[in-house]
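The values are calculated or read from the model by the stated rules, or taken from the named source; none is laboratory data. If you're wondering where the values come from, they're calculated on a predicted model, not measured in any experiment. With ideal geometry, Cβ positions are generated from the backbone for all residues, glycine too; neighbour counts draw on all protein chains shown. Quick note on the areas: whole protein, heavy atoms, side chains included, nothing else; ligands and nucleic acids left out. Shrake-Rupley method; radii C 1.70, N 1.55, O 1.52, S 1.80 Å.
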Amino acid sequence: MDGLRDVVAAETVLSDVDGQAGRLIIRGFTLDDLAGRIAYESACHLLLDGMIEGLPEPRRMRARLGEARAWAFAEVAALDKDLAGRPPLDVVRALMARLPDGDDIDVALRLLASPAVFAPAAIRAGQGLAPIAPDPALGHAADMLRMLKGTPPAPAEAAALDAYLVTIIDHGLNASTFAARVTASTLAGLTSAALAGISALKGPLHGGAPGPVIDMLDGIGAPENATAWLEAALDRGDRLMGFGHGVYRVRDPRADALKAAVRSLAEASAELPGRLELAEAVEAAALDILKRRKPDRPLNTNVEFYTAVLLEALGFPHHAFTCVFATGRICGWIAHAREQVLSGRLIRPSSHYVGPAPRQAA
Ligand code: ACO
């Protein structure tokens, strides 16, 4: 069984993860063609094209997502004191659960827009701050940063978040996408499918790793400490966060896309070059040590390593990184849910019973 590795559970036109070549294809484009080159709204159009009736024209996606953010903001009124004390991902999930369910374009667009509104509101509520209403005229990434900090971001910051959201928009049949497809296959509706996705994303083996990357960088503190710190962590039996992957046997291509985004951002920042220098030293030391200690197991940098550096630089608190992941990945969940409804059937695998045989009647 082994976690269904190598079991093909769906046919998809959406994305392909080639773990041997280190290549991610999204609807016929490599990640290099998309990350840092197109806005999140355009990537959403690319992924959802042909999956749902009434999808706006590409040039209307930005405005329609802006309208949907404004609509979603009304739901933030439900973020009361009790909810504000919960982890941001729990808050986002609770607010998402209030959205109408269904399979039409209005449900899809409102769902698509909602984490970009709910995540900043959840972060601010945890800090005792009031939520900031969306500005529908802005791009999705720029508005999310504005709702987080209260002032419009610099163009380089908005571009960096756009690059992140596009980079993680879809990634084959990962755990959260599979959960979304299983739920969609029962015809439960897009909101139900996305709630299944976000619940699966929460765990540290899937979307929860970048927070611990920050703990590691903080623990190391300076480039010259990297090797000794990492050796001691491995001696204790710890895993190095941000390294290794269930599918990639070479470098995760998303790590390079995000490293490029961090480098662009660092050009306009006073503190980021130092943090980036530390991260690069830790990465180089970790790759060297892992190669030496695990010569038979290729262990490379994964998406979470530079995710952590990027989202920290953009001002997201590290306990909220998984919410930002959900903000990008929700498009993948919706597209897969629609594809499942359009071309799949109820997902109902079998299990192999290994329990005791029934007792014979005396
Ligand atoms: N640090 C040290 N050793 C590692 C690491 C690591 N990051 N990753 C794997 N290994 C070692 C394991 O200890 C194991 O060694 P052993 O055979 O001597 O016991 C061997 O490599 C294989 O480990 P598996 O768990 O079988 O590898 P798998 O490919 O299934 O695991 C995973 C993938 C969970 C991502 C793992 O590499 C890991 O725990 N990495 C750290 C956490 C992390 O960065 N997670 C984010 C992943 S990206 C994403 O999900 C979006």
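Surface composition of the chain: carbon plus sulfur atoms contribute 52% of the solvent-accessible area (1.4 Å probe, protein chains only, all chains present). Net length available on complete extension from ASP33 to ASP80 is 12.7 nm, with 0.36 nm assigned per residue and the Cα-Cα distance removed.
Cα centroids of the stretch 123-145 and the stretch 231-268: how far apart, whole angstrom? Centre-to-centre distance over Cα atoms comes out at 29 Å. Shown here for the stretch 10-77: trypsin sites (Lys or Arg not before Pro) in loop regions (DSSP other than H, G, I, E, B) with at most 16 other Cβ atoms within 10 Å, namely ARG37.
Each of ASN225 and GLU277 was given a label point 7 Å from its Cα along the Cα-to-Cβ line. The distance between the two points is 1.6 nm.
Cross-link partners of LYS294 among aspartates and glutamates, defined as those whose alpha carbon lies under 14 angstrom from its own and excluding same-chain residues fewer than eight positions apart: GLU231, ASP235, ASP238. Based on the Cβ-Cβ distance of ARG239 and ALA361, what FRET efficiency does E = 1/(1 + (r/R0)^6) give at R0 = 45 Å, to the nearest 0.05? E(calc), rounded to 0.05, equals 0.30.
Annotation: amide H of PHE243 within the under-5 Å range of ASN302, sequence separation 5 or more or interchain, hydrogens built in the peptide plane. Aspartates and glutamates near LYS202 by alpha-carbon distance under 13 Å, same-chain residues fewer than 8 away left out - which ones? Result set, ordered by chain and number: ASP90.
With helices as the sole contributors, the chain gives -17000 deg cm²/dmol at 222 nm; each DSSP H run of n ≥ 4 counts as -39500 (n - 2.57), and the sum is divided by every residue. 3J(HN,Hα) along the stretch 275-283: 5, 5, 4, 4, 4, 5, 5, 5, 4 Hz, from the Karplus curve 6.51 cos²θ - 1.76 cosθ + 1.60 with θ = phi - 60°, whole Hz, x for Gly and Pro. Of all aspartates and glutamates in the structure, the ones whose alpha carbon falls short of 17 Å from that of LYS259, not counting any fewer than 8 places away in one chain, are ASP32, ASP33, GLU157, ASP162, GLU267, GLU271, GLU277, GLU280, GLU283, GLU304, GLU312. In the stretch 104-122, which residues have a backbone nitrogen under 17 Å from the label point lying 7 Å from ALA133's Cα in the Cα-to-Cβ direction? Counting only backbone N, you get 117-118, 121.
The relative contact order of the chain, computed from alpha carbon pairs under 8 Å that lie at least 6 residues apart in sequence, is 24 percent. For Cα pairs less than 8 Å apart in space and 6+ apart in sequence, what is the mean separation divided by the residue count of the stretch 191-350, i.e. the relative contact order in percent? Taking the mean separation of contacting Cα pairs over the length of the stretch 191-350, I get 35 percent. Comparing THR183, TRP71, LEU311 along the charge dipole axis of the chain, the residue lying farthest to the positive side is THR183, per the Cβ-charge model.
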